[in-house]
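Working notes, structure below.
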Amino acid sequence: MKNIKLITIILVIISSVFLGCVKAPMEATPTPTATETPSPTVIPTTPTQTQTPAPRIPSVYKVFVDQDYGFKRVVEVNYTPFVYENLTLNITIGDTVIWVNDATPDEELTIVSEQNLWSNTSARLRWNYQFFNYTFTQPGIYSFYVREEPRVRHQKIVVNP
């Protein structure tokens, strides 16, 4: 019987040792909840187009010329505002200037280009309201005068690119 007691005691000790080694019951692991991850907002990009300027429509200027004042008045035929001061007209390449004989009574006037843009006979304005025109194709500063009236001031036309 001594042996049975001894075996019982050994079994109790061994079982108590092993019972102490057992892990404590684990707490329940929470199940992950699905949360929505914010996605970056995608903005579609369209390539920007460089705008080409609208083609410029050339202007037409009428210069009224008489025997007393020379190049007395300038009008843009579409009534676009412009500056005409000190007998200087600023225009752009491609613009046309029309010189109109506004002399009274009908007096012959010849517009002469100091840069020889045309022959002197082609710009002869023999009668009232007769006209001569020229389209400027090169930038520069051009001077004009009335051959029959050398005392009147010369007109200057500045052609910009």
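Details
- Set Val75, Val83, Val97: member being among the hydrophobic types (A, V, I, L, M, F, W, C) and more than 14 Å from Val158 (Cβ to Cβ): Val75
- Residues (without any contact (Cβ under 8 Å) to a residue 60 or more places away in the chain and more than 41 Å from the chain's Cα centre (by Cα)) located in segment 103-126: Ala103, Thr104, Pro105, Asp106, Glu107, Glu108, Leu109, Thr110, Asn120, Thr121, Arg124, Arg126
- Screening the candidates Ile57, Ile98, Ile93 for the property of being under 28 Å from Tyr142 (Cβ atoms), hydrophobic (A, V, I, L, M, F, W, C) and touching a residue at least 60 places away in the same chain (Cβ under 8 Å) yields one hit, Ile93.
- Scan of segment 63-90 for residues that are buried (at least 16 other Cβ atoms within 10 Å of the Cβ) and at positive phi, ordered by number: Gly70, Leu87
Laboratory data are not the source of any read-out in this text; all were calculated from the coordinates shown. Owing to the predicted nature of the structure, the values given are computational and were not obtained by experimental measurement. Here Cβ is always computed from backbone atoms with ideal geometry, including for glycine, and neighbour counts include all displayed protein chains.
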